[in-house]
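The values are calculated or read from the model by the stated rules, or taken from the named source; none is laboratory data. Bear in mind that the values here come from a model prediction, so they are computed numbers and not experimental data. Don't worry about glycine lacking a Cβ; one is built from the backbone with ideal geometry, like all the others, and counts go over all protein chains shown. When the accessible area is computed, the model is the full protein with side chains, heavy atoms only, and any ligands, DNA or RNA have been set aside. Shrake-Rupley method; radii C 1.70, N 1.55, O 1.52, S 1.80 Å.
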Amino acid sequence: MSSDHDDLPLPAGGDAATDDTITGSGLLAEKAKRLQKLDAMRDSGANPYPYRFDRSLTLHDLRARFGDLEPGTETSTEVAVAGRVMLLREQGKLVFATMRDRDGEVQLFVSKAVVGDDLFAAIRDLDLGDWVGVHGTVMTTRKGELSVKVQRLELLSKAVRPMPDKWHGLTDTDTRFRQRYADLIVNEEARRTFRVRHAIIASFRHTLHERGYIEVETPVLHVEAGGAHARPFITHHNTLDMQLFLRIALELHLKRLIVGGMERVFEIGRIFRNEGISTRHNPEFTMMELYQAFADYSEMIEITETLITRAAVDATGSSVVQIFHPDGSGQTAVDLAQPWRRARMIDLVHEATGVAVHPSQPVEELRALAAQHGVPVNPRWGSGKIIEELFENTAEHTLIAPTFVTGHPVEISPLARVDRHDPFLTERFELFVGGRELANGYSELNDPVEQRARFEDEQAAKDAGDAERGSVDEDYLRALEFGLPPTGGLGIGMDRVAMLIAGVNSIKEVILFPTLRPEAF
RNA sequence: GCCCCUCUAGCUCAAUGGCAGAGCAGCGGACUUUUAAUCCGUUGGUUCAGGGUUCGAAACCCUGGGGGGGCACCA
């Protein structure tokens, strides 16, 4: 970094105006003052950006080891700690500072008599937000506050830009999402939410490794975006001069690996859907999918319950979560450790409408029922699709506590295996919590002849104008021809699980950098 | 894409048609056990942008922009 601050506008009016800029307190003047401090350090031969600092323990460990000290204790234990200056309190010939690292906070106790005039002046010159490394001894104040009595202190990095309000933090949602770094610095709630998210992901990996699943990585760039119904992002490869799609699901590649004999695989990966943005949808989001040879959907239901309940306990210490009602009418506390309800989609529609439905019914009957409930119906839709629409419009929003909805019609489940007791339904489930879909799993269709027929139905629907429907994936069919063993598969939307367990009601709160329009600079 | 709300100092917020303000941060000063330290003094504004109405606009109107919420979309 050079010392001429070419990002600052040159005031028109010469040296007097420059001095004016420096003595003001707008953002530019504030930055200029802090940059001047850096120049002064360099002039005195010090490096304001040293390369490293060796700390002896984290602030969490410091508190764990010394948190029980009596008030007014002076120890001779020397420690080296590092962190960011969050608060400064001057008290004559003393300075108290609150320093924070990733795991904790500690007070720095600075006495002019201990550190000498020069260092004392330098410490008084620190700004909120500066990173510092400290050597000192462990003590407690008269009031009992655990502190490090500073012997030596060095600046590790300067905060040239002032921190947000030390008490109110950042509340402007736009700024919080765009400048997530600032949000994380000042808002404990944001730090907590992301700790929960990342603990959930670690918990999933732990459970899956424990059960013998191998974590794999499959392509993000797809020649055909398959495995789900969604509009894809389109991109282009220059050398191959070809159109590529960002993946909308992990499914088809992972099942190829089961064909290859890997038996139990999972991937936690980003997928992309070129659709609307809302409190429940971000264009890129994280999906966990797993596939298990020799299993069917009933095992997938079991592991779904285990994964999510364990994640809640691992991330928050409790299996109790607060579930937001989809109509905004409040929250309900639910203990995930209790067994989750299971209900067939057709039975839920029956409950909600008072009319028994089944995909074997003539489509006219279901159209009439849909019309009764004000559910618009596309003329191309068959009985199965209309039942799904009826479910979404009459029953879905009532599913507050975790509910496995099972037995989806074949028409809307092109990759799921037909129910062993009912040829119109599939061995499939979706998990709903708070009226939102969190997971989807099934007994995987492994008959290549039937899969081809289902793909051809998808292709026909797409050709008829339904852009989100699928197409025939010849390579996937070739894989099935080598033999896919009986397989259970599962997909879980990690962002929504994070929302549930962290107790937040917007997906942007659990995505570090949510998709936003570009900022004008 | 449509509807509603919102945008004021670096941050958090006032000012409802009549002199743009406060707290925090900053700057100067006092203070050797503070805890958002306190106390005294003090700097800082393209009120998102542009246009209009008005003697007078942060406020009212129009257009545009960012964000939020809802609808639509959405395995």
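The stretch A:462-521 and the stretch A:344-384 have Cα centres spaced 27 Å apart. When +1 charges are put on Lys and Arg Cβ atoms and -1 charges on Asp and Glu Cβ atoms, the dipole computed for the stretch A:343-396 relative to its Cα centre reaches about 180 debye. Put a plus charge on the Cβ of each Lys and Arg, a minus charge on the Cβ of each Asp and Glu, and nothing anywhere else: the dipole of the stretch A:291-369 about its Cα centre is then about 80 debye. Sorting A:72-78, A:158-164 by their mean Cβ neighbour count within 10 Å, with the most densely packed peptide first, gives A:158-164, A:72-78.
A simple spin-label model places pseudo-atoms 7 Å from Cα toward Cβ; at A:Arg152 and A:Ile214 they are separated by 5.1 nm.
Computed on the stretch A:16-122, with alpha-carbon pairs under 8 angstrom and 6+ residues apart, the relative contact order is 17 percent. Treating each Cα of chain A as one equal point scatterer and applying the Debye formula with no solvent, the log10 of I(q)/I(0) at q = 0.07, 0.08, 0.10, 0.13 Å⁻¹ comes out as -0.56, -0.69, -0.91, -1.23.
Just to verify a number: FRET efficiency for A:Arg478 and A:Arg161, C-beta to C-beta distance, R0 = 51 Å, to 0.05? Intermediate results must be reported in sequence, preceding the final value.
Numbers: r = 57 Å, r/R0 = 1.11.
With a Förster radius of 51 Å, E is 0.35.
Within the straight-line cut-off of under 15 Å between alpha carbons, the aspartates and glutamates reachable from A:Lys112 are A:Glu90, A:Asp125, sequence neighbours fewer than 8 places apart in one chain being disregarded. When the Cα positions of A:Ala82, A:Val114, A:His135 are compared along the charge dipole of the stretch A:59-157, A:Val114 comes out farthest toward the positive end, with charges on each C-beta of Lys, Arg, Asp and Glu.
Accessible surface for the stretch A:133-257, divided over its residues, is 52 Å² per residue with a 1.4 Å probe.
Sorted by packing (mean other beta-carbon atoms within 10 Å per residue), highest first, where do A:474-482, A:511-519 land? Write down the numbers at each step before the final one.
On the way: A:474-482: 15.4, A:511-519: 12.3.
Going from most to least packed, we get A:474-482, A:511-519.
Highest average first, the peptides A:327-340, A:363-376, A:249-262 ordered by how many other beta carbon atoms sit within 10 Å of their residues are A:249-262, A:363-376, A:327-340. Over chain A, Cα pairs under 8 Å with separation of 6+ residues give a relative contact order of 12 percent. For the modelled label position 7 Å from the Cα of A:Leu87 along Cα-to-Cβ, which residues of the stretch A:109-137 have backbone nitrogen atoms closer than 17 Å? Of the residues in the stretch A:109-137, A:109-110, A:127-130 have backbone N under 17 Å from the label point off A:Leu87. Pairs with C-alpha atoms separated by more than 30 Å, drawn from the list A:Lys37/A:Lys93; A:Lys255/A:Lys462; A:Lys255/A:Lys385; A:Lys37/A:Lys143; A:Lys33/A:Lys508; A:Lys143/A:Lys508, are A:Lys37/A:Lys143; A:Lys33/A:Lys508; A:Lys143/A:Lys508. Reducing the stretch A:41-95 and the stretch A:222-299 to their Cα centroids gives an inter-centroid distance of 47 Å.
Hey, what angle do you get for helix A:27-43 against the long axis of chain A, alpha-carbon based, 0 to 90 degrees rounded to 10? Once rounded, one gets 60 degrees.
What the phi angles of the stretch A:296-309 give under the Karplus curve with 6.51, -1.76 and 1.60, with θ = phi - 60°, is a coupling list of 10, 5, 5, 6, 5, 5, 4, 6, 4, 4, 5, 4, 6, 5 Hz, glycine and proline written as x.
With +1 on each Lys and Arg Cβ and -1 on each Asp and Glu Cβ, and nothing else charged, work out how big the dipole of chain A is about its Cα centre, in Debye to the nearest 20. Mind dumping the intermediate values first?
On the way: 59 positive and 80 negative charges, 319 e Å.
Magnitude of the dipole: close to 1540 debye.
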